[in-house]
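J.: First the structure, then my questions, so here it is.
The values are calculated or read from the model by the stated rules, or taken from the named source; none is laboratory data. Since the model is a prediction, treat every value here as computed from it, not as a measurement. We place every Cβ from the backbone using ideal geometry, glycine too, and count neighbours over all the protein chains shown.
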Amino acid sequence: MAQDQSKQGEAMASGQNKRDWRLNDVTDELNARPFPRFGLPTSIFRLCLSGVNAFVSVQESMDDVLPDVDWDVAEQGKLIRGVHDGVRFNIERHTEFVSVTVIDEKAEGRSAAVHLPDGWLSQMQGEIVVAVDCYCVARGAANQAWTCASALEGGLADVFFDFKVAEDGHTKIELAFDAAADVRDVGRVALQVIEIETYRSFAAIGLPHARAAQARLSEIAQEIPRETPTTDDTMTAEERFQKLSQLAGELEEIWRQTSFRFNACQAYWSLVQARLNSLQEEDFDNRITVGGFLERRLSPAIATYRSTEHTRHNMAEQVGNMANFLQTRIELSLQRQNAELLSSLNHASERSLRLQHTVEGVSTVAISYYLVNLLFYPAQVVIDRYPEINPVLLRAGLVAISVPIVWLFIRRLLRTTVRERKK
């Protein structure tokens, strides 16, 4: 017994207590948002807001307008629950939005939003994307006024959608359950149906971005240079390269502004389809099903996202290829100019070398001439002492000696000067 307690103490000291296992975090995430349980009839209202400060403003405003609610903060503040006078309030933080869900099990055919006091919405910050009322009732009521109808889970429930905004600003859904439906099934199906409307709304909010992007892409397509400048027209090539660089920057900015939104909308559409498949949707009567309606009305928007992104990608690739082509042409032109400049420098060096050789020859002759004349004066003394010496031969000998010496001296002097310049 003492040994077991010792091992338990060592495990706790080393941070290996079962409560600290990573497994707990992973499992808690799976069970953080359980399906609600409620009977029939029940009215559900859900509001979804997007924005940076949406969660904080919703939490603060709900505390102000419902001061008597004892809020229970769960899962690190991602889910806040409260109950007041038999009505349940849930505030949930999602990846991109915040939802407020009100569940009233005493529904009498009215929106559960009536349990929120007047002016409560004005205190919240964010953009309202979803406001939906879902009425969960037993089968038997007339339902011919609804636009779409579907049977769910082999007859467990029938769902009716309108996809229109009513006078109170809410969209409406009705769920008619089998009278023997379990409270767990009612809550599970109702939550998934509300999620369909939630994700459907978020899948559609990217359409204005797509239309704006398509308009700008059409303008950019007209601005892309069509003609290729001639080989020698470097100035025009540089101007077009600058224009293409500007267009490439605009295409990159369009990608930055729309990439997340388009990917998110497509992900939401996938969630809508997943929920419909999970609910095993079937035809209810001759009316169009919820899935059929969404496939007909929403799938073109999803195709627009993909088409816009595909167009932007192709244009960016086209502009990039043209810019690379012009850049290569400009570089080749610069290399040709550099080659011509080097050739010109080579010719100048050759001319300078020839001039240098000419200067060496002229200098050698001039210096040798003066040197021979200077040496001839002391040689005259020798001639006077030795009359037998021929003056002409003596002068010739001085020339033969002076010219090579002067030439070697001048050449050495020039080489020394060149080496000093190179250093």
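J.: Give all pairs with beta carbons closer than 6 Å in which a residue from the range 262-287 that is more than 13 Å from L298 (Cβ to Cβ) meets a residue that is among the aromatic types (F, W, Y); count only pairs at least 6 apart in sequence or on separate chains.
T.: These pairs meet every condition: F262/Y305.
J.: Something else: Starting from the range 129-144, keep only residues that are charged (D, E, K, R), then list their pairs with residues that are part of a loop (DSSP other than H, G, I, E, B) whose Cβ atoms are within a distance under 6 Å, requiring at least 6 positions of separation or different chains.
T.: From residues that are charged (D, E, K, R), the pairs are D133/S111; D133/H170.
J.: On to the next question. Give just the number: which of (1) closer than 24 Å to G320 by Cα; (2) surrounded by fewer than 19 Cβ atoms within 10 Å (Cβ to Cβ); (3) over 22 Å from the mean Cα position of the chain (by Cα); (4) in contact (Cβ under 8 Å) with a residue 12 or more places away in the chain does Q257 not satisfy?
T.: (3)
J.: Mind checking which residues of the range 307-317 are among the charged types (D, E, K, R) and surrounded by 13 or more Cβ atoms within 10 Å (Cβ to Cβ)?
T.: E309, R312, listed by residue number.
J.: Going by what's in this entry, would E388 be described as exposed (fewer than 11 other Cβ atoms within 10 Å of the Cβ), in the same structural domain as A248 (by TED's automatic domain parsing) and without any contact (Cβ under 8 Å) to a residue 60 or more places away in the chain?
T.: Spelling it out, it is not the case that E388 is exposed (fewer than 11 other Cβ atoms within 10 Å of the Cβ), in the same structural domain as A248 (by TED's automatic domain parsing) and without any contact (Cβ under 8 Å) to a residue 60 or more places away in the chain.
J.: Continuing with this model, one more query. Working only within the range 307-337, note down all residues that are of a type in the set (S, T, N, Q) and modelled with pLDDT under 85.
T.: Within the range 307-337, Q327, T328, S333, Q335, Q337 qualify.
J.: In this structure, does A107 turn out to be crowded, with 17+ Cβ neighbours inside 10 Å, in a loop (DSSP other than H, G, I, E, B) and among the small types (G, A, S)?
T.: Criteria met by A107.
J.: Let me spell it out: the conditions are (1) free of Cβ contacts under 8 Å to residues at least 40 places away in the same chain; (2) within 30 Å of M322 (Cβ to Cβ); (3) not polar (S, T, N, Q), and A210 meets all of them except one. Which number is the exception?
T.: (1)
J.: For residues that are in a helix (DSSP H, G or I) and either touching a Leu at 6+ places or on another chain (Cβ under 8 Å) or in contact (Cβ under 8 Å) with a residue 12 or more places away in the chain (or both), tally how many sit in the range 57-85.
T.: 8
Results for (1) in contact with a His (Cβ under 8 Å, 6 or more places away or on another chain); (2) over 23 Å from A303 (Cα atoms); (3) acidic (D, E), shown as yes or no for each residue.
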position	(1), (2), (3)
Q192	no, yes, no
E197	no, no, yes
R211	no, no, no
Q214	no, no, no
T236	no, yes, no
L247	no, yes, no
I254	no, no, no
Q257	yes, no, no
